[in-house]
Each structure stands twice: as C-alpha cells, then as structure tokens.
1. How many of the residues making up region 91-113 are in contact with a Ser or Thr (Cβ under 9 Å, 6 or more places away or on another chain) and buried (at least 17 other Cβ atoms within 10 Å of the Cβ)?
2. Please go through region 67-86 and pick out each residue that is under 30 Å from the mean Cα position of the chain (by Cα), of a type outside the set (Asp, Glu) and under 23 Å from Phe265 (Cα atoms).
3. Does Asn230 fit the bill of being crowded, with 17+ Cβ neighbours inside 10 Å, part of a helix (DSSP H, G or I), assigned by TED's automatic domain parsing to the domain that holds Thr243 and modelled with pLDDT under 85?
4. Filter region 112-141 for residues that are closer than 20 Å to Thr57 by Cα, in contact (Cβ under 8 Å) with a residue 12 or more places away in the chain and not acidic (Asp, Glu) and give the result.
5. If only one of Thr274, Thr247 is in contact with a Leu (Cβ under 8 Å, 6 or more places away or on another chain), polar (S, T, N, Q) and either closer than 25 Å to Ile182 by Cβ or modelled with pLDDT under 85 (or both), which one is it?
6. Starting from region 47-67, take each residue that is surrounded by fewer than 16 Cβ atoms within 10 Å (Cβ to Cβ) and list its partners that are among the polar types (S, T, N, Q), counting only C-beta distances under 7 angstrom and pairs at least six apart or across chains.
7. Just to check your reading of the model, which residue among Ile241, Ile182 is in the same structural domain as Gly272 (by TED's automatic domain parsing) and out of contact with any Cys (no Cβ under 8 Å at 6 or more places or on another chain)?
Amino acid sequence: MGLQIIPYNTTYDIIAKKNIIFSILITIALLCLGSIFLQGFNYGIDFKGGLLLEIRTHEVANLSQLRSDLSGIVQGEVTLQEFGSSNDVLIRVERQPGGDEDQLAALGKVKEKLGQNVDYRRVETVGPKVSADLIRNGIYAIIWSLVAMLIYIWFRFEWQFGVCSLMTLAHDALIVLGLFSIFQLEFNENAIIAVLITVTYSINDTVVIYDRIRENLRKFKKMPLGALINLSINETLSRTILTSTTTLLALCGLYFFGGPVIAAFSLPIIAGITAGTISSITVSAPLLMHVRLRPEIDSQP
C-alpha cells in the first residue's frame, strides 16, 4: 500500500470552520497589505538601476572570494551569480548616488578590483527609466495572469467559480508580496516569478477541487451545498496534500543545499505554494457558499 499522508474517506468539516478560517486569512492579508503600503519593498538592482557586468574568469570562479573583493569598494549592494559554466559570473552593482560620471567611476573601481584575469562579455547600465519599465511590466504580468485565470475558470465552469478563484489567487499573490515587504527580502525579477508560480500552482489545485464539486453537483442534486462542498474537498484532499508535499520537498532541498542565490529564489516559492495549497482547500471552495451557486437548495451544511 502506498504512502498516505491523509487517509482516504476523511470527513473534515471545512465549511463549519470557514468563518474562523476566513477571519485568520483576512487578518494575514491585511497585515501584508499594510506592510506593502507602509514599509514598501526592498527593491533590488533590477528595479533600482545600476551596473550589470557579465564576466568569464580564466579559472573556475570563486564566488566567495569575488564577493569579499568587491565588498565595500562601492556604495550599495553588489550581488554575484554563477550562470552557464563555472567560469561565467553575473555581477550586479547598485546604482550609485549621482549622475553618469559616478556610475562610470564605480565601474572603474570594480574593473580595477577584478584585475586582468577576467574577460568582459557584457557591461550594461540599468537606468531609472529601465527600472520603472520593469516595475510596470511586472505589475502587468501579475494582473493579466489573474485575468487570464478568471476567464479560463469562467468558461470551464461557471461565473461563480471564476470570481471565487480570482479572490483566492489575489490572496495568494498578496501573501507572497507581503513576505517580501515584511521581511524586506530583495525584491527583484525573482519576486515576480515567485508570484506567477504561486498563482499557477494554486489554480491547479483549485481546478481539481472545482471539477469534483461540479461532478458532485450533477450526482447529488438534493444534497445541501455545504455538505457537497465538504465531500468534494475531502475526496480531493489526499491528492492535493501529496502533490504539494512532493513539490515542497524538492524546494526545501534547493533552499537548504542550493546555496544563497538558489535559497533566495526558493523561499518565496515555498511560502507561495504553501499559501496556495491552504487557500485552495479552505478558501476557493467555501467561498462558493456565498455566491448562490445553487440557490434552489438550502445552502447551509
């Protein structure tokens, strides 16, 4: 017999506790929203602007030594990332106070510190306009992804399912954004990727539950809606938890053993998938109780 984290034929009454669950999740969402408005984000170089250098070392790149060498020679943050081969390194230098002359001076200091043992494959300056474009495009990507999910669910099921899924996905995206704001994690292009991965994973779990609800609506025409939703959640609970657990185990491996760059990328995705799994079970389906999905039947469990 296979591994069973959640036993089959469970009878958890999610609907009976939905008001408590909603209150907790709304409180968390408000905390995240408050942090975003009051504290804002710790924008990375991609959004603040700065210098971007792609170098190739003659020997295997020692990232720890390079970080130590470049630390403190310019103002602000300097990040290094290995990509491609072990000799290729991407260096980002935060935009320096002042104009173009100050940026060129910082570039000169970095090149001087790196010495002659590296080849420069690319040297670019990310200005304020490019950073503003990245922020705007990132916002558009999140908004349009939510709209696309709404349209998809609306046509596949009914409008009530689309509205409830949109509210759930917006909550999940807010949780990930709140994580970056509350803990002042570096907000860069990886943050946008983390939000998009979260909503994609969340809608996958939500569709599975919605599909079972639609199936049971046709099968049990006289069953109260609350009992029917509880039945559908419990019938898909084992699948949802097992799928999420498998994904989280892989992400935790990346977080603990993948190094600082991979860990910074994995953490928000871990939080997002956890939030998406919880909301798919405790929010997306119970919300259907409040949109008159089947008004001719008593909607109380």
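1. Number of matching residues: 7.
2. Arg67, Ser71, Gly76, Val78, Thr79, Leu80, Gln81, Phe83, Gly84, Ser85, Ser86
3. no
4. Once the filter is applied, which keeps residues that are closer than 20 Å to Thr57 by Cα, in contact (Cβ under 8 Å) with a residue 12 or more places away in the chain and not acidic (Asp, Glu), region 112-141 yields Lys113, Leu114, Asn117, Val118, Tyr120, Arg121, Arg122, Val123.
5. Thr274
6. From region 47-67, the pairs are Arg56/Asn87; His58/Asn117; Val60/Ser86; Val60/Asn87.
7. Just one listed residue meets the conditions, Ile241.
For (1) modelled with pLDDT under 90; (2) over 30 Å from Gly108 (Cβ atoms), each residue gets a yes or a no:
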position	(1), (2)
Glu124	yes, no
Gly138	yes, yes
Ile142	yes, yes
Leu146	yes, yes
Met149	yes, yes
His171	no, yes
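The values are calculated or read from the model by the stated rules, or taken from the named source; none is laboratory data. Owing to the predicted nature of the structure, the values given are computational and were not obtained by experimental measurement. Don't worry about glycine lacking a Cβ; one is built from the backbone with ideal geometry, like all the others, and counts go over all protein chains shown.
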